[in-house]
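Student: Quick one: structure below, then a few questions.
The values are calculated or read from the model by the stated rules, or taken from the named source; none is laboratory data. Keep in mind that this is a model prediction, so the values were computed, not measured. As a convention, Cβ positions derive from the backbone with ideal geometry for all residues, glycine included, and neighbour counts pool all protein chains shown. Areas reflect the complete protein model, heavy atoms only, side chains present, ligands, DNA and RNA absent. Shrake-Rupley method; radii C 1.70, N 1.55, O 1.52, S 1.80 Å.
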There are 2 protein chains.
Amino acid sequence: MAAETEPPFALRGADVTIVGLGLIGGSLAWALRERQLCRHVNGVTRRPESIGEALERGVVDWATTDLAAGVGGADIVVLAAPVRTILRQIPLVATWLKPGCVLLDVGSTKEAVVAAMALLPSHVQPIGGHPMCGKEKNGLAAADPALFEGAPFVLTPLTRTAPEAVALAEEMARGIGAHPMILEPGRHDRLVAAVSHLPYLLSAALMSVALQVGGTDEALWALAASGFRDTSRLAASDVQMMADILLTNRQAVGEMAQRCSAALERLAALIARDDEVALKATLSPLQAQRGGMFQGGRS
Amino acid sequence: MAAETEPPFALRGADVTIVGLGLIGGSLAWALRERQLCRHVNGVTRRPESIGEALERGVVDWATTDLAAGVGGADIVVLAAPVRTILRQIPLVATWLKPGCVLLDVGSTKEAVVAAMALLPSHVQPIGGHPMCGKEKNGLAAADPALFEGAPFVLTPLTRTAPEAVALAEEMARGIGAHPMILEPGRHDRLVAAVSHLPYLLSAALMSVALQVGGTDEALWALAASGFRDTSRLAASDVQMMADILLTNRQAVGEMAQRCSAALERLAALIARDDEVALKATLSPLQAQRGGMFQGGRS
């Protein structure tokens, strides 16, 4: 059975198919191809016009709109659509994958994906993945083979995943310049709820307040400077992608929203009662922690 | 009386004294001097060691730690300390200012400052100001003569302020590359509560959640990527400066914190009940509005 359940191949000799040539899928395909990390990089895309664009820019060796044809002969298949599309694709592609095929996804939440992967037939080697990088611009047009450089690439293997498949995914992550990091899916989802989904919700809530106030006083828009720009940046993210993320991570997102509301209310209460000493005592450790982060890069 | 209550001078021939050579004061002095917008640029600083630094870098023509000596002969005095220091300085400097002197401040909230300015003797021409720019780095070391380029520079004249004094402040704002914008102080304070003070509170609340979650799971810090970096950036701001701002704008900050809590709770409720249609309908106009902002610069 080992030949059927463990990947018998090296990354360098593998045919890789990326399903979904958006920002993440397109960047991944391009990075694999540019760095010659595998034998062939193939793409599956919903939009026929993306085939020509992907070939022209050198993102893939070959592309198709036919999911079955795209994943059929592949040694490694990477699902790179929004999370709930990935959830629909997992049982669908299973029938076409060849024995020993490694099925990786790069969706932004992992518990639901790994639960769907657990139901796959035993000849497939599933593993969850989440490269922690992105832009507000989406689609193949924004793809960048350097997108993953220096970024954490979370991997969430299942208990059934062969060590060789995990090693292959780690090799791929390292190959594109990312730092692989093995995490349990629930732990991943709770942590990204805090560092990624909550920041998005705060950006959206901030934009909501700006629209309320700016709706009756247009001067607001002229006064929005760099602080507003950075804090509201995530609100420009793709809505379908974010809805997929938030709705597949409801419990952890709810916990973080509640923690944040409580923190905001504590700060507002200290301001309302003009308590300078307690306000500064609350803000100082936050300032110290944030001041020490992201050293070396743009702060 | 006109000679005593209206500025009888042009900006080009004026002696300007900046009180406080931090990021804003130092940048303003340097911009005025570099662009040769006035006759002399003098500085008042608390720290004796800043005098040499300011002179060496060409930020001022002359500097002193003696407030009376620094403001005594000036045609224009600009108060550039944290807001509540400005509030203490306004009655103090009044006794030393010469007749017709224009007293401008560059503090981040305007109602309290303008109220203090209203009590000044009639030989002074007071006007509130707020250049809408900044960095998280503070102090003279971070000063930059290009800091004001393209930024709005809010001016809040009092009813007693002579049109000539307003025109002089507008000329100074334009001279350093900013866009002067006349606003009523209360209106200014409410708008900046939405676009500046609320973003700071959200950054601080986000860091508070990160410290809670990261305190029991260190992997959080490794997962904090560009979205977290930008949304939490303002939490690194100087705590004394922010306390001064928040505590002199309590009512408007309270209003905006409440609006934002409500917006966050609405989003959290839609997520909790898995309402994709309503969630996307709420997020889409926020995305459209934010997507259309800050075009041309870094988004």
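Student: Quote the total accessible area buried by chains A and B together, excluding ligands, DNA and RNA, probe 1.4 Å, nearest 100 Å².
Tutor: Chain pair A/B: roughly 8300 Å² of buried accessible area.
Student: Let me ask something additional. Below 8 Å, C-alpha to C-alpha, sequence gap of six or more: please give me the relative contact order for segment A:178-299 in percent.
Tutor: 28 percent
Student: At B:Ala222, with labels set 7 Å past Cα in the Cβ direction, how many nm apart are the copies from this one, shortest first?
Tutor: Sorted ascending, the copy-to-copy spacings read 5.0 nm.
Student: Among B:Ala10, B:Ser108, B:Ala162, whose Cα projects farthest towards the positive end of the dipole of segment B:3-183, with charges put on the beta-carbon of Lys, Arg (+1) and Asp, Glu (-1)?
Tutor: So the residue we want is B:Ser108.
Student: On a 0 to 90 degree scale, rounded to 10, what angle separates helix A:276-291 from the longest Cα axis of chain A?
Tutor: Relative to chain A, helix A:276-291 is tipped by roughly 30 degrees.
Student: Return the distance in nm (one decimal) between the two label points of a simple spin-label model at B:Glu265 and B:Leu55, each offset 7 Å from Cα along Cα→Cβ.
Tutor: Computed distance between label sites B:Glu265 and B:Leu55 equals 5.9 nm.
Student: Residue by residue through segment A:235-241, which ³J(HN,Hα) values in whole Hz follow from phi under the Karplus form 6.51 cos²θ - 1.76 cosθ + 1.60 (θ = phi - 60°), with glycine and proline marked x?
Tutor: 3J(HN,Hα) across segment A:235-241, in whole Hz: 5, 7, 5, 4, 5, 5, 4.
Student: When every alpha-carbon pair in segment A:188-291 is counted, what percent end up more than 23 Å apart?
Tutor: Cα-Cα pairs of segment A:188-291 separated by over 23 Å account for 41 percent.
Student: So which lysines can B:Lys137 reach, going by Cα to Cα under 25 Å and dropping same-chain residues fewer than 8 places off?
Tutor: Counting by Cα, and skipping residues close in sequence, B:Lys137 has these lysines nearby: A:Lys280, B:Lys110.
Student: Given q = 0.13, 0.22, 0.25 Å⁻¹, what are the Debye log10 I(q)/I(0) values for segment A:174-228, with equal point scatterers placed on the Cα positions and solvent ignored?
Tutor: With no solvent term, the Cα-only Debye profile gives -0.56, -0.88, -0.99.
Student: Right, here's the next one. Compute the normalised compactness of segment A:132-260: alpha-carbon radius of gyration over 2.2 N^0.38 Å, N being the residue count. If you can, show how the numbers build up before the last one.
Tutor: On the way: Rg = 18.0 Å, N = 129, 2.2 N^0.38 = 13.9 Å.
Relative to the 2.2 N^0.38 Å estimate, segment A:132-260 comes out at 1.29.
Student: Report the Rg/Rh value for chain B, based on alpha-carbon coordinates and the Kirkwood definition of Rh.
Tutor: 1.03
Student: Would you mind telling me which residue in A:Gly43, A:Gly72, A:Gly128 has the biggest mean-square fluctuation in a Gaussian network model of chain A, where springs connect alpha carbons within a distance under 10 angstrom?
Tutor: A:Gly72
Student: Another one. Relative contact order for segment B:1-92: what is it in percent, counting Cα pairs under 8 Å that are at least 6 residues apart?
Tutor: 33 percent
Student: Oh, and also: Restricting the count to DSSP beta bridges whose residues both fall in segment A:62-164, what percent are antiparallel, rounded to a multiple of 5? Walk me through the intermediate numbers first.
Tutor: Details: 5 of 12 bridges.
Counting only bridges with both partners in segment A:62-164, antiparallel ones make up about 40 percent.
Student: May I ask you to give the solvent-accessible area per residue for segment B:3-183, in square angstrom, as obtained with a 1.4 angstrom probe? Show your work: numbers first, answer last.
Tutor: Values: 6920 Å² over 181 residues.
Counting only protein heavy atoms, the per-residue value for segment B:3-183 is 38 Å².
Student: Only Lys, Arg, Asp and Glu count, each charged at its Cβ (+1, +1, -1, -1), so figure out the dipole size of segment B:188-291 about its Cα centre, rounded to 20 debye.
Tutor: The calculated dipole for segment B:188-291 is roughly 280 debye.
Student: In segment A:3-183, what % of DSSP beta bridges are antiparallel (nearest 5)?
Tutor: Values: 5 of 28 bridges.
Antiparallel: roughly 20 percent of the beta bridges in segment A:3-183.
Student: If you count only protein heavy atoms and use a 1.4 Å probe, how large is the accessible surface of B:Glu218, to the nearest 10 Å²?
Tutor: About 150 Å², ignoring ligands and nucleic acids.
Student: Lys/Arg Cβ at +1, Asp/Glu Cβ at -1, dipole of the protein assembly as shown taken about the Cα centre: which of B:Gln251, A:Ile245, B:Ala219 is farthest positive-ward?
Tutor: B:Gln251
Student: Taking the Cα centre of the protein assembly as shown as the origin and placing charges on Cβ (Lys, Arg +1; Asp, Glu -1), which of B:Pro285, A:Ala173, A:Leu67 is farthest toward the positive end of the dipole?
Tutor: B:Pro285
Student: I would also like to ask the following. Taking θ = phi - 60°, what integer Hz values does the Karplus form 6.51 cos²θ - 1.76 cosθ + 1.60 yield along segment B:173-184, in sequence order, with x for Gly and Pro?
Tutor: 4, 5, x, 8, x, 8, 10, x, 8, 7, 9, 6
Student: For segment B:157-299, what % of the accessible area comes from carbon and sulfur atoms, probe 1.4 Å?
Tutor: Working: 2750 of 5270 Å².
Looking at segment B:157-299 in its full context, I get 52 percent from C and S.
Student: Using only the Cα atoms of the protein assembly as shown, what semi-axes does the equivalent ellipsoid have when each is the square root of 5 times a gyration tensor eigenvalue? Give whole Å, largest first. Display every interim value, and only then the final one.
Tutor: Working: eigenvalues 615, 107, 81 Å².
Equivalent-ellipsoid dimensions as semi-axes: 55, 23, 20 Å.
Student: Tally the DSSP beta bridges in the protein assembly as shown and give the antiparallel ones as a percent, rounded to 5.
Tutor: Antiparallel bridges make up about 20 percent of those DSSP assigns within the protein assembly as shown.
Student: Modelling each spin label as a point 7 Å along the Cα-to-Cβ direction, I'd like the A:Arg160/A:Glu184 distance in nm, to one decimal.
Tutor: Label-label distance for A:Arg160 and A:Glu184, simple model: 2.0 nm.
Student: Return an integer: the convex hull volume of the alpha-carbon atoms of segment A:150-207, in Å³ per residue. Write down the numbers at each step before the final one.
Tutor: Values: hull volume 4.8 nm³, N = 58.
Spread over its residues, the Cα hull of segment A:150-207 gives 83 Å³ apiece.
Student: Quote the charge dipole size of chain A about the Cα centre in Debye, to the nearest 20; the model charges only the Cβ of Lys and Arg (+1) and of Asp and Glu (-1).
Tutor: Roughly 220 debye, rounded to the nearest 20.
Student: Another question, if that's okay. Can you give me the angle between helix B:83-94 and the longest principal axis of chain B, using Cα atoms only, in degrees from 0 to 90, rounded to the nearest 10?
Tutor: 10 degrees
Student: Another question, then. Would any residue of segment A:17-31 have its amide N under 19 Å from a label point 7 Å out along Cα→Cβ of A:Glu149? List them or say none.
Tutor: Counting backbone N atoms under 19 Å from the label point, the list is A:23-31.
Student: Sticking with this structure for a sec: Would you mind checking which residues have amide H under 5 Å from B:Leu79's amide H? H placed 1.01 Å from N; only 5 or more apart, or other chain.
Tutor: B:Val19, B:Leu104, B:Asp105, B:Val106
Student: Hey, another quick one. Any idea what the dipole of the protein assembly as shown comes to, in debye rounded to 20, about its Cα centre with Lys/Arg Cβ at +1 and Asp/Glu Cβ at -1? Working shown, then result.
Tutor: On the way: 52 positive and 60 negative charges, 44 e Å.
Here the size comes out at about 220 debye.
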